[in-house]
Amino acid sequence: MNLKMNRIIRSAVCAVLTAFLLAGCSDISFGEQTLLRPPRATGDKAEIQTVIKEQAGSDYMLKYPQTGDFRSAVTLFETGQQNSEYAVAFYSTENNTKLNISIISHEDEKWKCLGSYNNSGTGVDRIIFEDLNNDGSDEILVGWSTYNTGQNTLSAYSIENGTVREMAIDEIYTEILIFDITQDKSDDLVLLSLRNDQTPSSARVLQYSEQEKRPIVKFSVELDSDVVAFADVQCGKVNDKTQGIVIDGSKNNGQLTTQVLYFDSQKQLLLNPLVLQNENHTTTNSTTRKNATASRDINYDGIIEVPVVAQMSAPSDTDAGSICSITSWKQLNTDDGSLKTELNTVMNYTDGYYMIMPEDWGSEVTCISDAENREMNFYIWDSQNSSLSDKVLTIFRFTRSDWDNADKDKYIMVDSVKSNGTESVIAAQVYNTGDGKPGLSESEITKRIKLIV
């Protein structure tokens, strides 16, 4: 997920410089393949290195952001109406255990330091360029990692009239997003935090305050306190009219759950409707599932669907590992906070495909997998006797050599898959039950079996 790419282009971020240490001393190396423009002939490399040495002394170590779009210890960028050019450098010194950031400008064909600041963090999490106050110039956001607490802190720096102003942001985060969740045509700063000993899990929307001259929390909502890690976070449409944030998170027991955040403009509230809390402060969420199915735009309609997973019917003596699950892909109904089913699928992550279940099958058809033979077998379910009845469909994954030798009159070829240089073929066989029970035509098969991409 590249949340900043459109902002990067719009803000004309000019270059990312690769920096590393050579022979025990700090020497900046510019990788020209990562630059939108190479260093000038006058020697950007040497000049910037000289400026850093003036601030840090001769013994310093460059520090690298661990996440985000910019992973270099020194980053070049342009901002402002005049397209002024700057460099941001991260480093530590032998005499100072704190991390340092120096903001360097290019003026009159020379590089000079506008300001240096230190932070008590143990590492640099990320650097973000974002116009926080809508003045046409990007501010510099820096996330500092703190390994002893598992939470990150945040700093912001504004370049105004050739000087740097540090903004205090007294907030911690686990994940940081730039996204217009309030749908007011201006990006918001969204911080997601897992619980710690002092604070519960929460999501906070920060917006720039002209009065305080810094981003402050305007909206917040509590997150599921049982989630111990964010598995995946996506921003986008959660229904045909609402933008939101979809959070897949894992619990201590290994289960996955999904939260959907959106902003109610009429109530002026940030909402998290899928997480329900009872009077005993125990949370429930209908999306909780044992497998690792992640939220996604399953039907390519531009909307992120949320999976709700349930085990399908099977005889009591069936091996538990072969019983398939049905995944209902749902969209959020913001009118009442409910989930509306868009389609039902049986997912086969091992072989890389899924089957879209016909609506009229309902609970009449179940699926049993045969991992050894790379098959998924669909049967009519006899609910009265809790047993399998006629076979309706089998989906196969053939090796290319097995497919070349197969009796192709028996199968419907669906697609071919290449993985690690090996080609496989996904094919299906339809069975005629002869009694009007559910069945699929050849054209339906090719439309309903899809590769997982």
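The values are calculated or read from the model by the stated rules, or taken from the named source; none is laboratory data. As the structure is a prediction and not an experimental result, all values here were calculated from the model. As a convention, Cβ positions derive from the backbone with ideal geometry for all residues, glycine included, and neighbour counts pool all protein chains shown.
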Candidate set from the stretch 261-299 (those that are assigned to a loop (DSSP other than H, G, I, E, B) and basic (Lys, Arg)); member that is surrounded by the fewest Cβ atoms within 10 Å (Cβ to Cβ): 267
Scan of the stretch 355-414 for residues that are of a type in the set (Ser, Thr, Tyr), surrounded by fewer than 15 Cβ atoms within 10 Å (Cβ to Cβ) and farther than 20 Å from residue 323 by Cα, ordered by number: 399, 401
Hey, can you tell me all the residues within the stretch 170-197 that are surrounded by fewer than 20 Cβ atoms within 10 Å (Cβ to Cβ) and farther than 23 Å from residue 224 by Cα? 183, 184, 185, 186
Take the stretch 138-166 and flag every residue that is in a loop (DSSP other than H, G, I, E, B) and either buried (at least 18 other Cβ atoms within 10 Å of the Cβ) or of a type in the set (Asp, Glu) (or both). 138
With the checklist (1) surrounded by fewer than 16 Cβ atoms within 10 Å (Cβ to Cβ); (2) of a type in the set (Phe, Trp, Tyr); (3) farther than 22 Å from residue 96 by Cα in hand, flag the one item residue 208 doesn't pass. (1)
Name the residue that is nearest to residue 396 (Cα to Cα), counting only residues in the stretch 342-378 that are at pLDDT below 95 and aromatic (Phe, Trp, Tyr). 349
Condition met for residue 199 (at pLDDT 95 or above, at negative phi, in a loop (DSSP other than H, G, I, E, B) and not basic (Lys, Arg)): no
Members of the stretch 167-196 found to be closer than 25 Å to residue 84 by Cβ and either among the aromatic types (Phe, Trp, Tyr) or in a loop (DSSP other than H, G, I, E, B) (or both), listed by number: 186, 187
Sole exception among (1) modelled with pLDDT under 95; (2) assigned to a helix (DSSP H, G or I); (3) over 33 Å from the mean Cα position of the chain (by Cα) for residue 391, by number: (2)
Can you name the condition, by its number, that residue 135 falls short on among (1) acidic (Asp, Glu); (2) part of a strand (DSSP E or B); (3) surrounded by fewer than 18 Cβ atoms within 10 Å (Cβ to Cβ)? (2)
Being touching a residue at least 60 places away in the same chain (Cβ under 8 Å) and either assigned to a loop (DSSP other than H, G, I, E, B) or basic (Lys, Arg) (or both) is true for just one of 360, 351, 317. Which residue is that? 351
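Look at the stretch 363-388 and say how many of its residues are under 17 Å from residue 318 (Cβ atoms) and part of a loop (DSSP other than H, G, I, E, B).
Start the filter on the stretch 363-388 by keeping residues that are under 17 Å from residue 318 (Cβ atoms), which leaves 363, 365-373, 375-383, 385-388.
Applying the additional criterion that residues be part of a loop (DSSP other than H, G, I, E, B) yields 363, 371-373, 383, 385-386.
Residues flagged as under 17 Å from residue 318 (Cβ atoms) and part of a loop (DSSP other than H, G, I, E, B) within the stretch 363-388 amount to 7.
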Scanning for something under 30 Å from residue 243 (Cβ atoms) and either outside the structural domain of residue 446 (by TED's automatic domain parsing) or not hydroxyl-bearing (Ser, Thr, Tyr) (or both), does the stretch 360-379 turn up at least one residue? no
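Condition check: touching a Gly at 6+ places or on another chain (Cβ under 9 Å) and in the same structural domain as residue 163 (by TED's automatic domain parsing). Does residue 72 satisfy that?
Yes; evaluated as a whole, the condition is true for this residue.
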Go through the stretch 184-234 and give me each residue that's closer than 26 Å to residue 131 by Cα and among the aliphatic types (A, V, I, L, M). 189, 190, 191, 192, 203, 205, 206, 216, 217, 221, 233
